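Q: This is the structure I want to talk about, given as structure tokens.
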Amino acid sequence: MGPFAPLRWVFLWRDKAVFLEGFGITLLVSCCALLLALVLGIIFGLFSTSSGRIPKTVSRVYVEFFQNTPLVVQVFFVYNALPYLGITLDVFIIGMLCVGIYHGAYVSEVIRAGITSIPKGQMEAARSQGFSYIQAMRWIILPQTVTIVLPPLANQAVNLIKNTSVMALVAGGDLMYRADSWASNGTLSYGPAYMITGILYFLLCFPLVTWARRHEVKIKSRDTQIQVQLESAERAGMAE
């Protein structure tokens, strides 16, 4: 019987609840990890753009460590090392924490790039009007940063969703783990299992990628219109 024989698809349809449960866990882990990544990314992104040496150093250490060590190693370390310290976490929590903290480092770089793209004159103008650094960030800098960073943040969300598959290595109950376990236990229907798993990941990721692409085009179009208006106003002023 071939890897994609009709009978194997019958087996998959019969046990579709296994894949739906895994899909639900992957979706839940992705949402929790994304929320954690955003919180950490904003905090360390602000640290990296602050004027203090200590916050900048802390942010740099965090980013460099997690960007330059494999996520798989981090998951295995937390899964195997914490019990020796008397700390036992559910695999769901381990997956959420590891994926969230890992991607928080990348999100912080996105936030940092967004903040530094705002002209420094805006911060200086805000401070001259009596705003504190935090108030200027809250009311002037960050609202402008949001529009800029949304497309790269959407791309990070896509990468985060795909990286939740590392939970399969520690029996995390996610979509990848359920698919592999189901195919291994008797049916050996790896072809349909992995194909439907890929499709389900695609259904989660493709809308985000499409939205990010359209939003980026919209931003570029808006910037082009603003530039044209500024050039027109400048020419009109010179004509007068």
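The values are calculated or read from the model by the stated rules, or taken from the named source; none is laboratory data. Because the structure is predicted, anything quoted here is derived from the model rather than measured. Cβ atoms come from the backbone with ideal geometry, glycine included; neighbour counts cover every protein chain shown.
Q: Kindly indicate whether any position in the range 67-80 is within 30 Å of Tyr133 (Cβ to Cβ), in contact (Cβ under 8 Å) with a residue 24 or more places away in the chain and out of contact with any Leu (no Cβ under 7 Å at 6 or more places or on another chain).
A: Yes, the range 67-80 contains at least one residue that is within 30 Å of Tyr133 (Cβ to Cβ), in contact (Cβ under 8 Å) with a residue 24 or more places away in the chain and out of contact with any Leu (no Cβ under 7 Å at 6 or more places or on another chain).
Q: Just a yes or no: is a residue in the range 203-215 of a type in the set (Gly, Ala, Ser), outside any helix (DSSP H, G or I) and either in contact (Cβ under 8 Å) with a residue 24 or more places away in the chain or surrounded by 19 or more Cβ atoms within 10 Å (Cβ to Cβ) (or both)?
A: no
Q: Still on this structure, I have one more. Determine if the range 107-114 includes at least one residue that is exposed (fewer than 13 other Cβ atoms within 10 Å of the Cβ) and of a type outside the set (Gly, Ala, Ser).
A: no
Q: Regarding the range 163-178, can at least one residue be identified that is charged (D, E, K, R), assigned to a helix (DSSP H, G or I) and surrounded by fewer than 19 Cβ atoms within 10 Å (Cβ to Cβ)?
A: no
Q: Mind checking whether some residue in the range 79-93 is more than 20 Å from Leu204 (Cα to Cα), among the charged types (D, E, K, R) and assigned to a helix (DSSP H, G or I)?
A: No, the range 79-93 has no match at all.
Q: Any residue in the range 127-134 that is surrounded by 11 or more Cβ atoms within 10 Å (Cβ to Cβ), in a helix (DSSP H, G or I) and modelled with pLDDT under 90?
A: yes
Residue by residue, here is whether (1) farther than 26 Å from Met123 by Cβ; (2) in contact with a Gly (Cβ under 6 Å, 6 or more places away or on another chain); (3) modelled with pLDDT of 90 or more holds:
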position	(1), (2), (3)
Gly45	no, no, yes
Ser48	no, no, yes
Ser51	no, no, no
Pro55	no, no, yes
Arg60	no, no, yes
Phe65	yes, no, yes
Pro70	yes, no, yes
Val75	yes, no, yes
Ala81	yes, no, no
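Q: Only one of Leu188, Leu153 is among the aliphatic types (A, V, I, L, M) and surrounded by 21 or more Cβ atoms within 10 Å (Cβ to Cβ). Can you tell me which?
A: When all the criteria are applied, what remains is Leu153.
Q: Taking into account only those residues within the range 175-192 that are over 16 Å from Ile25 (Cβ atoms) and of a type in the set (A, V, I, L, M, F, W, C), which is farthest from the chain's Cα centre (by Cα)?
A: Top of the filtered list is Leu188.
Q: Name, by its number, the condition in (1) within 30 Å of Trp9 (Cα to Cα); (2) touching a residue at least 60 places away in the same chain (Cβ under 8 Å) that does not hold for Val158.
A: Going through the list (1) within 30 Å of Trp9 (Cα to Cα); (2) touching a residue at least 60 places away in the same chain (Cβ under 8 Å), Val158 breaks only (2).
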